[in-house]
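Undergrad: Encoded as structure tokens, here's the structure I'll be asking about.
Where a number appears in this text, it was derived from the coordinates with a stated rule and is not lab data. Just so it is clear, the model here is predicted, and its values are computed rather than measured. In this analysis, Cβ positions are derived from the backbone assuming ideal geometry, glycine residues included, and neighbour counts consider all displayed protein chains.
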Amino acid sequence: MKRTAFFDYHEALGAKIVSFAGYEMPIEYSGINNEHMTVRNGVGVFDVSHMGEFWVKGPKAFDLVQKVTSNDVAALTVGQAQYSCFPNGKGGIVDDLLVYKYEEEKYLLVVNASNIDKDWAWVSEQNTMGADIENASDSISQLAIQGPKAEAVLQKLTEVNLSEVPYYTFTVGAIAGADNVIISNTGYTGSGGFELYMYNADAGKVWEAIFEAGKEEGILPIGLAARDTLRLEKGFCLYGNDIDDTTSSIEAGLGWITKFNDGNKFIDCEYLLKQKEEGVTKRLRGFVLEDRGIPRKDYEVVTENDEVIGRVTSGTMSPMLQKGIGMAYINKGNTKFDTEIFIKVRNRKLKAKVVKIPFV
């Protein structure tokens, strides 16, 4: 099992440690609800150093990234980031990722921790044009500082004017005495904030400086469990649950990151364009329980007459709504908003309603 550069801090803070994607990671510190509401209302810090980072460089860098990702890399200028996915050549998704345009001929791809080896093999296999690629995953530490007070806390530690770093853009600068930190206005919580990419050697001093700077704002460390409830309230997909090798970006409601522009001949573009034009047999939809209960992954979605029409991919009790919420692939004909559906929880059939995401 691997450990991130922040592991000793997690242990000292009494975090509950679990095995995740080959790492020993903190799932919880002070309780999921407390951590969740801290991020929604204040500021919290996630160790996300287990994520993967690939550099793609050189004259053929653009060609490779444009080929393997569904979004349009040509739309990026230096300093912009983009949410995207790797189509797998069979109508499914290898992974979802962030693409950073670091320089004109240099991109950073940030991939999911559990898919690093799989993604690296995929990108390497598709690199028929000879771009310079580097798997830097083990040499980079990453922190996500999230919540409405995140900017105020981080501004104490850098001369970079963070108010001039809009959503889905980034800059490179010094923060908390560490140089060449990627300061990215991105995140997986929907509550604002920044993600910081730094060398492993700088991890400790950056962690300590952030927590010192955030004392007045009630800053807390946040575990993976609250990360999951936060992203689900905002309807963000989780690879392995809501998207995988058997689901397409069109089925997953990710048409907005699937760009069919002239010249953007990415993997599966013709197949996905056909899906967009002709429609799909299932769609990923959000739902809210009207009965009391907690939906979980793989629970059946049924009609009032017990006809199986779908499967839950993610579910939880929303700390904000105090209701059960979830996402599910639902068959065509039952996907309209406000459609009444039922979630089978053991021997019970709980009434729910199809809703537009985000939930909050």
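Undergrad: Residues with amide H under 5 Å of Arg311's amide H, sequence separation 5 or more or different chain, H placed in the peptide plane at 1.01 Å from N; which?
TA: Those qualifying (amide H under 5 Å, at least 5 residues apart or on another chain) are Val301, Tyr329.
Undergrad: Sticking with this structure for a sec: If one computes the Cα centroid of the range 234-298 and of the range 1-50, what distance in Å separates the two points?
TA: 29
Undergrad: Separate question: Taking θ = phi - 60°, what integer Hz values does the Karplus form 6.51 cos²θ - 1.76 cosθ + 1.60 yield along the range 131-145, in sequence order, with x for Gly and Pro?
TA: Couplings: 5, 8, 10, 9, 8, 9, 4, 7, 9, 10, 9, 9, 10, 10, 9 Hz.
Undergrad: What does the net charge come to around Arg285 if you take all other residues with beta carbon closer than 14 Å to its beta carbon, with K and R at +1 and D and E at -1?
TA: My count for the surroundings of Arg285 gives +3.
Undergrad: To continue, here is another question. Give the order of Ile133, Ile183 when sorted by the count of other beta carbons within 10 angstrom, beginning with the fewest.
TA: Ile133, Ile183
Undergrad: Still on this structure, I have one more. Tell me the trypsin sites (Lys or Arg not before Pro) within the range 224-271 that lie in a loop according to DSSP and have at most 16 other beta-carbon atoms within 10 Å.
TA: Lys234, Lys265
Undergrad: Let me ask you something else. Counting other beta carbons within 10 Å of each Cβ, put Ile93, Ile222, Ile140, Ile294 in order, fewest first.
TA: The most exposed by this proxy come first: Ile294, Ile140, Ile93, Ile222.
Undergrad: Looking at the range 270-360, which GluC sites (Glu not before Pro) are DSSP coil and have at most 16 other C-beta atoms within 10 Å of their C-beta?
TA: Those that pass, being in a loop and sparsely packed, are Glu290, Glu304, Glu307.
Undergrad: What number comes out for the charge environment of Thr246, summing +1 per Lys or Arg and -1 per Asp or Glu over other residues with Cβ under 11 Å away?
TA: With Lys, Arg at +1 and Asp, Glu at -1, the net is -1.
Undergrad: Which net charge results when you count Lys and Arg as +1 and Asp and Glu as -1 among the other residues whose beta-carbon is under 14 Å from that of Ala121?
TA: Overall, the nearby charge balance is -4.
Undergrad: What percent does the relative contact order of the range 172-238 come to when contacts are Cα pairs within less than 8 Å and at least six residues apart?
TA: 28
Undergrad: Next up: Can you give the helix-only mean residue ellipticity at 222 nm for the chain, where every DSSP H stretch with n ≥ 4 adds -39500 (n - 2.57) and the sum goes over all residues, rounded to the nearest 500 deg cm²/dmol?
TA: -5500 deg cm²/dmol
Undergrad: Can you tell which of Gly92, Gly310, Gly253 shows the greatest fluctuation in a Gaussian network model of the chain with Cα springs below 10 Å?
TA: Its mean-square fluctuation being the largest, the pick is Gly253.
Undergrad: Identify the GluC sites (Glu not before Pro) of the range 95-158 meeting these criteria: DSSP loop state and at most 12 other C-beta atoms within 10 Å of the C-beta.
TA: In loop regions of the range 95-158 (DSSP not H, G, I, E or B), the sparsely surrounded GluC sites (Glu not before Pro) are Glu104.
Undergrad: So, one more: Going by how many other beta carbons lie within 10 Å of each one, how would you line up Thr189, Thr281, Thr303, fewest first?
TA: If I rank by nearby Cβ atoms, fewest first, I get Thr281, Thr303, Thr189.
Undergrad: Would you mind calculating the relative contact order of the chain from Cα pairs under 8 angstrom and at least 6 residues apart, reporting the percent as a whole number?
TA: That works out to 17 percent.
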